[in-house]
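No lab work stands behind these numbers, since they all come straight from the coordinates. Everything numeric here is computed off the predicted structure, so don't read it as measured data. Note that each Cβ is placed from the backbone with ideal geometry, even for glycine, and that neighbours are counted across all protein chains shown.
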């Protein structure tokens with residue numbers, strides 16, 4: 001039984017784009033998703049805060065791109081710093097999850113679906129966010 005109220009927002013944070021996905025209210029399935037083209041940190045935080053408020057989000061999860069050996073590389077460090085900033089900016093808890101291989105898995109799924117290179121580039125970050133979210137939801141459900 002899920003005791004949380006509200007949806008979960010997952011973020012695939014990058015230097016240029018941020019993929020995002022939002023769960024259904026029961027926190028069972030990843031639902032709507034999209035890609036946000038980053039502007040400035042303040043504008044990015046406003047965008048995320050707006051998603052949280054308008055979509056009824058009760059928690060946020062950020063994918064952390066650890067190195068394959070589990071260590072924290074430069075991109076993971078930047079993302080962990082962003083997570084900390086995000087936690088200070090929002091009124092909901094912000095968690096993180098290991099996102100190793102989600103972009104590769106997203107690419108594989110799109111290749112199998114026959115998407116062109118241009119369409120894959122447009123959708124990769126959103127699909128990675130969906131994969132991050134669904135992994136988080138599945139793990140959360142198993143812990144309940």
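Here are a few things to note about the model shown:
- Projected label distance in nm at residue 43 and residue 26, using a 7 Å step from Cα toward the beta-carbon: 3.9 nm
- Just checking the listed ones, 42, 30, 21: in the Gaussian network model of the chain with Cα springs under 10 Å, the one fluctuating most is 42.
- Gained length - residue 75 relative to residue 108, 0.36 nm times residue gap less alpha-carbon distance: 9.7 nm
- In the chain, the alpha-carbon atoms span a convex hull of 114 Å³ per residue.
- Antiparallel bridge percentage (DSSP; both residues within the chain; nearest 5): 50 percent
- When the Gaussian network model of the chain links Cα atoms closer than 10 Å, the mean-square fluctuations of 74, 25, 65 top out at 74.
- Anisotropy class of the range 1-75 from Cα gyration tensor, a/c 1.5 cut: oblate
- Computed helical MRE - 222 nm, the chain, DSSP H runs ≥ 4 contributing -39500 (n - 2.57), nearest 500: -16000 deg cm²/dmol
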